[in-house]
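Below you'll find the structure, written out as structure tokens, and then a few comments.
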Amino acid sequence: MSALLSVTSTWNGPRYVVVATGEVDLFTCPILADALRGCLERPLEELELDLSSVSFVDSTGFACLVQWAEDCRARGGHLTVRRRANVQRAIEIMGWEIPEPAVTVRA
């Protein structure tokens with residue numbers, strides 16, 4: 001675990017929930033990626049990624065998120081991303097576009 005990012009993950013039926021707190025960047029992205037790999041353990045209907053306590057995401061972090069959204073969709077699952085306003089603004093600036101219904105962004 002990094003001082004800049006903490007990640008917890010749990011299974012809730014067919015839904016895998018990952019909660020990140022801190023910063024997602026070049027150095028901490030592998031921590032998030034390790035947690036997201038946990039969803040490969042069982043059949044997945046929904047991956048919920050809670051970024052509501054993330055204060056910063058750089059381009060490496062977004063690349064990780066986009067990759068997992070694509071992987072989730074390829075497995076027939078649905079990705080839900082919860083985020084705060086600063087992360088939403090970064091999503092808009094980055095032009096993050098993944099075809100629906102792969103991603104639902106909720107406040």
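Some observations on this one:
- Given charges at Cβ of Lys, Arg, Asp, Glu: the chain dipole, positive-most of F56, P14, L44: P14
- Computed from phi, the 3J(HN,Hα) profile of region 10-15 under the Karplus parametrisation 6.51, -1.76, 1.60 (θ = phi - 60°) reads 8, 8, 10, x, x, 9 Hz, with x in place of Gly and Pro.
- The chain - charge dipole about Cα centre, Lys and Arg +1 at Cβ, Asp and Glu -1, debye rounded to 20: 220 debye
- Stokes-Einstein translational diffusion, region 15-62 - Kirkwood Rh over all Cα pairs, 1.002 mPa s, 20 °C, in µm²/s: 191 µm²/s
- Short to long, the 5 Å bins of the Cα pair-distance histogram for the chain hold 2, 13, 26, 28, 20, 9, 1 percent of all pairs.
- Accessible surface, per residue, of the chain when the full set of protein chains is kept, probe 1.4 Å, Å²: 52 Å²
The values are calculated or read from the model by the stated rules, or taken from the named source; none is laboratory data. Everything numeric in this text was worked out from a predicted model, so none of it was measured. Glycine also receives a Cβ, built like all others from the backbone with ideal geometry; neighbour counts cover every protein chain displayed. Each accessible area value is taken on the protein alone, full model and side chains, heavy atoms only, with ligands, DNA and RNA left out. Shrake-Rupley method; radii C 1.70, N 1.55, O 1.52, S 1.80 Å.
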